[in-house]
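> Have a look at this one before I ask anything.
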Amino acid sequence: MIFLDFNLPNATTWFYFSALLAVALFFKFSRFLSVRNWDVVALFLQVPGLLLLRQPGGELIGYIWLFAGSAYFVARCLLDLTLVQRPALAPNLNLGGLAWMAGAFFICLVAVAVNREPDRAVDRPGKDPLLTKEAEKRATDLVDQAQANNVPTFDARLWVGRSLALLCHLAVFAGLVVVGRQHFQDLHAGMAAGTFYLLLPYTAFHVEQWHHVWPMALVVWAVVFYRKPALAGLLLGLAAGTVYFPLLILPVWWSFYRARGTGRFLGAFALSFGLCLATTGLILWFDNELANSIQSLRSLPDWQPWLPPTTKGFWTGMEWAWAYRMPVFVGCMALTVATAFWPAPKNLAHVLALSAAALVGVQFWYADQGGVYVLWYLPLLLLLVFRPNLSDRRPLPINSETDWLFRLGRLAYRVAARIVHLPETPVPQR
């Protein structure tokens, strides 16, 4: 049927049309030299590098481009620490129009997932983490068992991965909207950030690899619940337990909650992180692969900058320079450690900027196609672009009279006092 004969544009066409549409929606022509306008254009900075990687013979230039673009984003995140006064710049489309556009973009993303050819194994960046791989395997088995008529050409694993990726993208979009509504006190800004997220071409790259999006969905929702340290810690611990890189933003969040829920945040983080590691260990132990996996992890050069890289990326494209990866790694780790102490005290704007900078920093030293993992920090960059002044957004002080954890502690003490005949006055809790 002629009305169903629809072909998606190629990656280059998508890049041009999405850039033109982003300018039409978010560019403030009345304030041509504003930071917002530059950010709208700069968010497309990494697309040419990703396109060059698809061009035979363009890999080295592509990785150099991505390396330079990552350096710009780190500088932009650090500059954001100085941008206290932020004028309210509304998008050029009203709330209803943005919501309609977001729905249309999500349908386009579904169309990409349905029609896109599967990536070749050599083109798949990043190794699937064990927990996400196991979850995908179990979901694939359920799909295979549910098929009444087994179609030989149906690749259940491919479609399960793409379906999970779409759900994670939807979770990121919803989280951006809720952050705008609750913490920016501007639903319009939240909808703009979510719409821009779905508009950008990065969401369609490697669409079946849902483990690229899953951790950032958890991080975004940790931002949503930042006023609840325990819940934020659980979400960040789950993200770090499934994919390692959210560990690098732990110092920022620990400093953010200092004297305002640090203990419960770290406790919840350690609980969920430990459960993820324990689950991973049990899976490997039941499959008799624990020893081999530990040995493989210890010899993997992707995250060990003192070992020569063996996978495609910037450092293998410039083999003479791979030794410089070590000082780059040291510099990134120094920045990560510094975020625990500077600035102090932190507000939500500091958390967004420094978390994004730490995650962009991974791109410099990670050996396996470092630079292509734009989705690891893209939602935080969008929150930086659309945020208002957040100097007053800090964790709430904990009131011992109304806090649920203090209540639970007092109840536990009363029960214990009746059992072992302790004094009636409860000990102070922290």
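The values are calculated or read from the model by the stated rules, or taken from the named source; none is laboratory data. Note that this is a predicted model, so its numbers are computed, not measured. FYI the Cβ positions are ideal-geometry reconstructions off the backbone, even for glycines, and counts take in every protein chain you see.
> Give all pairs with beta carbons closer than 7 Å in which a residue from the range 167-182 that is over 14 Å from Ala102 (Cα atoms) meets a residue that is charged (D, E, K, R); count only pairs at least 6 apart in sequence or on separate chains.
Final answer for the pair search is Gly180/Asp186.
> Check the range 217-224 and report whether any residue there is in contact with a Cys (Cβ under 8 Å, 6 or more places away or on another chain) and either surrounded by fewer than 24 Cβ atoms within 10 Å (Cβ to Cβ) or closer than 25 Å to Ala111 by Cα (or both).
Taking the range 217-224 first, the residues in contact with a Cys (Cβ under 8 Å, 6 or more places away or on another chain) are 217.
Filter once more, keeping what is either surrounded by fewer than 24 Cβ atoms within 10 Å (Cβ to Cβ) or closer than 25 Å to Ala111 by Cα (or both): 217.
Yes; the residues of the range 217-224 include at least one that is in contact with a Cys (Cβ under 8 Å, 6 or more places away or on another chain) and either surrounded by fewer than 24 Cβ atoms within 10 Å (Cβ to Cβ) or closer than 25 Å to Ala111 by Cα (or both).
> Could we say that Pro327 is over 24 Å from Asp39 (Cα atoms) and out of contact with any Asp or Glu (no Cβ under 8 Å at 6 or more places or on another chain) here? Walk me through how you get there before you give the answer.
Working: over 24 Å from Asp39 (Cα atoms): yes; out of contact with any Asp or Glu (no Cβ under 8 Å at 6 or more places or on another chain): yes.
Considered against the rule, which asks whether it is over 24 Å from Asp39 (Cα atoms) and out of contact with any Asp or Glu (no Cβ under 8 Å at 6 or more places or on another chain), Pro327 comes out as yes.
> Among the numbered conditions (1) touching a helix residue (DSSP H, G or I) at 6+ places or on another chain (Cβ under 9 Å); (2) at pLDDT 90 or above, tell me where Gly96 comes up short.
With respect to (1) touching a helix residue (DSSP H, G or I) at 6+ places or on another chain (Cβ under 9 Å); (2) at pLDDT 90 or above, Gly96 is out only on (1).
> Then there's this: Given the criterion in contact (Cβ under 8 Å) with a residue 24 or more places away in the chain and within 26 Å of Val330 (Cβ to Cβ), identify the matching residue among Gly274, Gly313. Spell out how you get there, then give the answer.
Working: Gly274 fails: within 26 Å of Val330 (Cβ to Cβ).
After applying the criteria, what remains is Gly313.
> Are there any helices (runs of 4 or more DSSP H) wholly within the range 2-61 with 1 or more residues that are in contact with an Asp or Glu (Cβ under 8 Å, 6 or more places away or on another chain) and modelled with pLDDT of 90 or more, and if so which?
Numbers: elements: 11-26, 35-42, 47-53.
Counting at least 1 such residues, we get 47-53.
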